[in-house]
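Laboratory data are not the source of any read-out in this text; all were calculated from the coordinates shown. This is a predicted model, so every value here is computed, not measured. Here the Cβ positions follow ideal geometry from the backbone for every residue, glycine too, while neighbour counts run over all protein chains shown.
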There are 4 protein chains.
Amino acid sequence: MNSFGHIIRLTSFGESHGKAIGGVLDGFPAGIVIDTEFVQQYLDRRKPGQSELTTARREEDTVQLLSGIFENMSTGSPIAFLIPNADQRSGDYDALKDVYRPSHADYTYEKKYGLRDHRGGGRSSARETAVRVAAGALVIHWLKRQGIHFYAYVKQVYTISVPVPYGELELENVYASPVRCPHPETALRMEEAILQAKAEGDSLGGIIELVIRNVPAGLGSPVYAKLHAALGAALLSVNAVKGVEFGSGFSSVQYKGSELNDAFYATDEGAVKTRTNHSGGIQGGISNGEDIVVRIAFKPTATIARKQATVDAAGNNTEIEAAGRHDPCVLPRAVPIIEAMAALVIADHLLLNRTAKNTWNI
Amino acid sequence: MNSFGHIIRLTSFGESHGKAIGGVLDGFPAGIVIDTEFVQQYLDRRKPGQSELTTARREEDTVQLLSGIFENMSTGSPIAFLIPNADQRSGDYDALKDVYRPSHADYTYEKKYGLRDHRGGGRSSARETAVRVAAGALVIHWLKRQGIHFYAYVKQVYTISVPVPYGELELENVYASPVRCPHPETALRMEEAILQAKAEGDSLGGIIELVIRNVPAGLGSPVYAKLHAALGAALLSVNAVKGVEFGSGFSSVQYKGSELNDAFYATDEGAVKTRTNHSGGIQGGISNGEDIVVRIAFKPTATIARKQATVDAAGNNTEIEAAGRHDPCVLPRAVPIIEAMAALVIADHLLLNRTAKNTWNI
Amino acid sequence: MNSFGHIIRLTSFGESHGKAIGGVLDGFPAGIVIDTEFVQQYLDRRKPGQSELTTARREEDTVQLLSGIFENMSTGSPIAFLIPNADQRSGDYDALKDVYRPSHADYTYEKKYGLRDHRGGGRSSARETAVRVAAGALVIHWLKRQGIHFYAYVKQVYTISVPVPYGELELENVYASPVRCPHPETALRMEEAILQAKAEGDSLGGIIELVIRNVPAGLGSPVYAKLHAALGAALLSVNAVKGVEFGSGFSSVQYKGSELNDAFYATDEGAVKTRTNHSGGIQGGISNGEDIVVRIAFKPTATIARKQATVDAAGNNTEIEAAGRHDPCVLPRAVPIIEAMAALVIADHLLLNRTAKNTWNI
Amino acid sequence: MNSFGHIIRLTSFGESHGKAIGGVLDGFPAGIVIDTEFVQQYLDRRKPGQSELTTARREEDTVQLLSGIFENMSTGSPIAFLIPNADQRSGDYDALKDVYRPSHADYTYEKKYGLRDHRGGGRSSARETAVRVAAGALVIHWLKRQGIHFYAYVKQVYTISVPVPYGELELENVYASPVRCPHPETALRMEEAILQAKAEGDSLGGIIELVIRNVPAGLGSPVYAKLHAALGAALLSVNAVKGVEFGSGFSSVQYKGSELNDAFYATDEGAVKTRTNHSGGIQGGISNGEDIVVRIAFKPTATIARKQATVDAAGNNTEIEAAGRHDPCVLPRAVPIIEAMAALVIADHLLLNRTAKNTWNI
């Protein structure tokens, strides 16, 4: 259950406090130019310690590509990569050995496996997401050259929300903002709120909006493998995500069909477009060529620097005060993770679609 | 891409206007009592034509179990079943042959496959969900005997919402209400709104809340196969769903970590429980034994009896006025579909969990 | 575990003595011409009761195509089909309820599932192979139009073997022979041997040779999904098969590398060919464009009309004398099964290959 | 297509001449004692350069376990491991850049992927099998403690064959023989034949017999996932294998049903056994508790130190004389590979079987 995807398939491994984390990206087509620098730069966007807004844990997160590439070209063989763990203060976690952190995976993990590696949460650590970002970077670089672009940005932190639709934002500039919000005034207020929560030993959640541009019409499937079901699973699998919505999403319920349907029209060039995009680029589970739009809700980080009531492994009521170094708000670092997961899904469905029709193209 | 699940795996087939729809449920363990009457009764809960609130299309939806059962017991062989299509007025769809209905799958379907069966939308018809309900009924009956219960209900239609939390509702009585809302006053207002939309040739969406009780702690997986990612994909694959959220969901973002964490406590009997359930029964992707709580947003039915702007297959701007008979609001009939999909996911993960630990039990 | 294939995926259901058997063929590309008569005619090649050589069990084996086809064209939706069971003399099997037939699946089936449907062996009946033939016929018809041909024939029955290599046989005429051997003299001797075994209440095994022509070079995969591993699994899953070998197979061991290597040469037209074909058309797990050649060993039918020592369900030593009507030699009816399984594998890998290279073809 | 297995799933990566090869073993249950020394010792059994019989290529093949283990216990997380490539004389392969070695994967690989890493064959190198052995060792160690044992040995090299059935051999002593044949006289003759072939710049093939003891009855599946189909695919995926047979295999065809059926009998202790084991421990695709017996045919190594006719990448007829260092006979080093692949299959089916019956064991 540590693999993801059908044709393009990422298998991930490694714990937060082991020697390394890493992944194997299988099914990546042969003959695609690989830019290893791009992969490292993209991974750096998730790196901790980039600003005061994130955890003080230091990880260089240097990715080592081990296989599947020959003379800067993909060979069709699995692309394996390692990200060594540098800053392993396992000692920080000794106090957590026999106690369950509230709203963490400690208790549930132990129920599933009968035991657990308490140092940093084992596989439930968000550190695993570096693997997704490295793999996603390979795919993002490929699809960018095909004109498909993935833009995620922080739309809301706590109660502070970007007041304009994404069409009015410069999505190319998201990463210029430390909080990954391309609306400068709002970004400033978000940063203040995060720093204040940090000062209070507390944490904040928020909403990331994802926009995917130039996805060709026809991706997805009409029944179980609807494109938004695949994207939804991918995004819900990111740590701290508690909800996803597509297009008008939950607000759809406040409209009538006559208000919400997206009327088609033909452009002068003969392209089929929709006047509105309440569908969020997906109709009947299949992309229609419009922007794919998703919003993803993150709960506040579970780890806080405050005393909390909990239970120990022996079943006694007790209290806990978290050690370890954690993000007061995960959203800034989650932006590339969201883009990466979306890219893996889109690439997978692009390849699946090559088998959908009777083109005799072996 | 017409199969769903890992160990328990449903494969679905059939179009709205073909001879029959049906499914094959593989991986259902041997030795489980099968109650074929329960399956039919459960399927009847989704049947059209039960009240004025639903489509006038008549389908008896009689399920024929073909295999995998011997002397009222599952044999471990695949359980196949057919639901013949009775009321096929394909003629209703002739007008749709060369035109794309707005916010339907007509256009995207054709982009994917290069052709389409225009009679009722082919596989994108919600009729396919009868297959899910029949398969789900087999699983629901099994899990009920193990004490696991699936309750979905209509929490909101348009702007009309149940004003109390689910804990104050009698979830056992959902199906006594035609609109599948166990809060009588709200149900009445919902019904009025639906009938009014129907009279206006319009349609409404809404929110279904799903509560799963007595799921053992330990189901799910810490990375890609998080239990809520699996449930999310299952529920997003239901027609007209545009969003899902777990526990506090999107409203989580308005709270701080110190407010939202679910404190653990030990009961006098030694059980580990949480004081609150903002997590919605899933922590770190794994069930914690509390109620699993999900809300699912449905957009208004795309088919409306009004003139709409669209494009025809030749690429010309045109107008369409839908024929065919459709539900003004899909939520009442979607309640058993939501329960069925959730049950298939939970059963699958129950079986997967048998392989997670070193119990020497071949 | 009742599905087979990756992109093109067959799910099979039904027991020998239930209402029907059938299958769902998913992933069949849209836009391919379907010839339903061809499917029935091909299925007829496996039908029992065609000659004295086969079981007296009567099954019309009329296939009903239920979905996935519109105006004689595949739509990309799953193609489901039913084959009703006509001649169910379940009573024949009453004597077998509490006793295990030697070299049958009765005992092992019960060990796996804890119970069994004793009427005809449940899923372990060779009747299930009709499903494979029906699905295979859809694929064979498609690939034939692309120039890929599947020829299986009975090369050996008991000790009677075709004395010439397949290149000297008219493989197009296999089905003109009741025993499915295109070497008339040998066919005659085989038929005599089978009739004699039948008269003696005994059974015979043999070898089928499979030749696949015009498979393009490049199908398969270099590691686990080697093309011959995929074909091997498919063919070993056919009832009574005890061995498979490719190209020179087991006899390879009697040669040195210098004798067995297949030298390449370039034709005047620039095609790359091999002088010999000891590799059987597959090198390093990937097709090289030469004929794919496989030999498949079948044991004699386990059911014989003789008294045999065995054990009953209570664990007592006892004797059994088979009732039921069975083939004295399964090979004649197995020929289309072998072709069908091979075709499903080749089609699957043809589609998989569309994703292997960087052709930007969505 | 670089993953293998259902519940226990090995994903493999790396080329012969890259930085490292390695694997990820997912689905290994939590709570199993891991003996890292055993893994290294087992891997050493495949190591090149152990005797004159094998290639002179030096590889330390030191396995580094990276994840999934905590305090010598499996945690349920994926177990990743690396085997660095030490002796990479890529220069040896320069001459092969533009020419196809006969009966190698060079030509087919290029047809599949459109390009190839010519240094050592990329993924088609037998070096990849070290990954299988390391993963298999983890499983073999686990199952050994449960009483299940895997014994492979070299039964035949060229025309030199062990003259007695395996029951008369000391299978525990296979690895005491450099050629991995536990029949000392035959072993000596095999070694002489291999050294002579080596001296002549030639190569030899042979047969490995695999015996698996104490597999519980009930593993496998009655249709596509027959236990011998799964084993067959696993074994056919090993480099140079051209055939597999189970129990009496190809020789079954020379017997009548009355001669070949395995009569059941009950022991005094109430166990059900068979008098003979022509079935090779598998009946109807499911294990019956008897020894599982498989024979695997290996062709002679394709690489020989002789001039051979071939074609270059430009399509010209040419000649080749192999550089690189290779085994004159792969069988001695293939013995642990065969055991490893078999163990991965058996473990997978042991876990799958935990979901087959209605034992309420979450």
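The table for this structure:
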| quantity | calculated |
| --- | --- |
| Per DSSP, loop GluC sites (Glu not before Pro) in the range D:195-268 with at most 15 further Cβ within 10 Å | D:E200 |
| Amide H within-cut-off set for A:R101, under 5 Å, with H built and near neighbours excluded | A:D106, A:Y107 |
| Rounded, prolate or oblate (a/c below 1.5 giving rounded, otherwise prolate when a/b exceeds b/c) for the range C:291-355 by Cα gyration tensor | prolate |
| Using θ = phi - 60° and Karplus 6.51 cos²θ - 1.76 cosθ + 1.60, couplings along the range D:71-76 (whole Hz; Gly, Pro as x) | 6, 6, 9, 5, 9, x |
| Dimensions (Å) - the range C:110-246, Cα atoms, principal axes, largest first | 45, 44, 27 |
| Largest to smallest principal axis extent of the C-alpha atoms in the range C:3-68, angstrom | 40, 25, 19 |
| Placed amide H near B:M73: partners under 5 Å, 5+ positions off or other chain | B:I34 |
| Karplus 3J(HN,Hα) series, Hz, for the range B:258-263 with 6.51 cos²θ - 1.76 cosθ + 1.60 (x for Gly, Pro) | 5, 8, 9, 4, 9, 5 |
| Cβ-based exposure ranking for D:I34, C:I7, B:I346, in which fewest neighbours within 10 Å come first | D:I34, C:I7, B:I346 |
| Residues with amide H under 5 Å from that of D:A152, placed H, sequence gap 5 or more | D:V211 |
| Ascending count of other beta-carbon atoms within 10 Å, so fewest first, for D:H141, C:H104 | D:H141, C:H104 |
| Dipole magnitude of the protein assembly as shown, debye to nearest 20 (Cβ charges: Lys/Arg +1, Asp/Glu -1, about Cα centre) | 0 debye |
| Positive-end residue, the range C:3-356 charge dipole about Cα centroid, Cβ charges, pick of C:F70, C:L231, C:H141 | C:L231 |
| Ranking of B:E170, B:E339 by count of other Cβ atoms within 10 Å, fewest first | B:E170, B:E339 |
| Over chain B: helical MRE at 222 nm, DSSP H runs n ≥ 4 each giving -39500 (n - 2.57), nearest 500 | -7500 deg cm²/dmol |
| Choice from D:G167, D:G27, D:G270 with maximal GNM fluctuation in chain D (Cα, 10 Å cutoff) | D:G270 |
| Cα-centred dipole magnitude for the range A:117-225, charges only on beta-carbon of K, R (+1) and D, E (-1), debye, nearest 20 | 520 debye |
| Among A:T129, A:T186, A:T159: highest mean-square fluctuation, GNM of chain A, C-alpha pairs under 10 Å | A:T159 |
| Over chain A: Kirkwood hydrodynamic radius from C-alpha pairwise inverse distances, Å | 21.6 Å |
| Whole-Hz ³J(HN,Hα) from phi, Karplus 6.51 cos²θ - 1.76 cosθ + 1.60, for the range B:309-314, glycine and proline x | 6, 7, 10, 9, 5, 7 |
| Rounded if a/c under 1.5, otherwise prolate or oblate - the range A:61-168, Cα gyration tensor axes | oblate |
| For the protein assembly as shown, fraction of C-alpha pairs farther apart than 45 Å, in % | 40 percent |
| Most fluctuating residue given options C:P216, C:P336, C:P300, as computed from a GNM of chain C linking Cα atoms under 10 Å | C:P216 |
| About the Cα centre, charge dipole magnitude for chain D (Lys/Arg +1, Asp/Glu -1 at Cβ), debye | 720 debye |
| Members of B:K97/B:K307; C:K226/D:K155; A:K144/A:K299 lying beyond 21 Å, as alpha-carbon distances in this model show | C:K226/D:K155; A:K144/A:K299 |
| Neighbourhood charge, 13 Å Cβ-Cβ cut-off, centred on A:I194 and excluding it, Lys, Arg +1 and Asp, Glu -1 | -1 |
